[in-house]
Amino acid sequence: MFLNFAFRYVLAYKRRSAITVLLGAVSTALLIFTSAWMDGSHGQLIKNSVEIYSGYIQVTASGFRENPGFDKLVFDYGSLQDQIKTVPGVDVVSPRLETFVLFSAGEKAVGGMLIGIDPDKEKRISRLFSSLKGGAYLVGTDTIQLYIGSELARRLKLDLGDELAFVGSGTDYSFAADKLVVKGIFQTGLFEFDASAAFLAKPYFDSIMASENIASQVIVLPKEPVRAAQLASVIRKTVGGAFEVASWQQTMSALLKSMKLDSVFGYITLGLIFIVIFFVVMIYTLLAVFSRVKEIGIMRAIGTTPREVLLLLLLESSFLSFLSVVLGGIAGALSAYYFSIYPVSFTGMEEQFKQYGLAVATIPTSFKPLIILRDMAIMFFLLVLATLYPIIKVNCLKPIEAIHHV
């Protein structure tokens, strides 16, 4: 009976009901889309940062991450690779060997990091290939051809085809030096990395550095990147205590913390916005309810108890709130889904985005049904709560006061 009465009251005040539903629906859609945008942008930033170079999973010799050195390298990469490949969920396993050298070109000399990589595998585990700015990427048969960061090339005043020399130390602590030719220049957008890193194909790198079958780190690409942490745990058990296995959550913990902090501030901002919406809804409901004070007074006078009036008004409010969050939820979910498939593209701003470490100038939203349902539940609670005070306020009036209310 009360449901029937509540539904009739909603239809009887069509304009008020429509405005209430519209306000609630817009607020719900805004909350869902903002959450999806915030989570999507953070996810894209993390994905870009992980895929630019560091990788989803790193395997190193025990103690290497705390105190890197030639005495803590992976000295039998082939055997380690075979062990890792037995783990279900592993897609690509690729070695890297990093060493610090002194680069020299003309009168310029700059310290930097020379890295030996498998060019074909590196295409899949990082974005070095897609960060190509000029020239060409490496191939496995390259010898003296160098793939160099844009800032490092600028500091050495190098262009494509130019020669440079380097001096360093091999893994056996022997003297290592050679003349190289710039084959390609890359720009990832990570300034320090672009200003210090240069790459050689690992077969030729090994011949210079005496590092055949040796790696400073082994990068593992999971078939499902979202399960990187779980896969890292399985690999850790497989390879034993002689190696350290770290997922991107560990290697990039500082970035993860900054993203969480940014999310906190984002939700605080959303909270302030919805506090304003809460009071707008409450004030509007207060005016709407007090416009029916005489009607409520007559209901009380003919025997309707305060509890029944409260139940009737709450049912009416709950029905409007439910309709609001359903309509707003559908609109917000559709927009989040659409922009997760067709990300927002900032055309013409690719270079500016690279300055902040973003490899692409597109930001997708995050479409997660459970998060959308959570936001809808939050908005339903807020909308009902916003109408509670006006309903209780008018229900506290005595019948005679309500009938004579102006």
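Conditions tested, residue by residue: (1) without any contact (Cβ under 8 Å) to a residue 40 or more places away in the chain; (2) in a helix (DSSP H, G or I); (3) out of contact with any Leu (no Cβ under 6 Å at 6 or more places or on another chain); (4) surrounded by fewer than 21 Cβ atoms within 10 Å (Cβ to Cβ).
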position: ALA25; (1), (2), (3), (4): no, yes, no, no
position: ILE32; (1), (2), (3), (4): no, yes, yes, no
position: MET38; (1), (2), (3), (4): no, yes, yes, yes
position: SER41; (1), (2), (3), (4): no, yes, yes, yes
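For every residue, the table says whether it meets (1) of a type outside the set (A, V, I, L, M); (2) surrounded by 22 or more Cβ atoms within 10 Å (Cβ to Cβ); (3) out of contact with any Phe, Trp or Tyr (no Cβ under 7 Å at 6 or more places or on another chain).
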site	(1), (2), (3)
VAL139	no, no, yes
LEU160	no, no, yes
GLY170	yes, no, yes
SER174	yes, no, yes
LYS179	yes, no, yes
PHE193	yes, no, no
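Listed by position, the helices (runs of 4 or more DSSP H) enclosed by the range 299-406 that each have at least 2 residues that are surrounded by fewer than 20 Cβ atoms within 10 Å (Cβ to Cβ) and either at pLDDT 75 or above or among the basic types (Lys, Arg) (or both) are 306-341, 369-395.
The condition of being on the phi < 0 side of the Ramachandran plot, surrounded by 16 or more Cβ atoms within 10 Å (Cβ to Cβ) and touching a helix residue (DSSP H, G or I) at 6+ places or on another chain (Cβ under 7 Å) holds for only one of TYR56, TYR77, that being TYR56.
Per the listing LEU22, LEU45, the residue uniquely in the same structural domain as ILE275 (by TED's automatic domain parsing) and more than 30 Å from VAL384 (Cα to Cα) is LEU45. Within the range 82-132, the set of residues being β-branched (Val, Ile, Thr) and over 18 Å from GLY170 (Cα atoms) comprises ILE84, THR86, VAL87, VAL90, VAL92, VAL93, VAL110, ILE125.
The values are calculated or read from the model by the stated rules, or taken from the named source; none is laboratory data. Being a predicted model, the structure only gives us computed values, none of them experimental. Cβ sites come from the backbone with ideal geometry, for glycine too, and all protein chains shown count toward neighbours.
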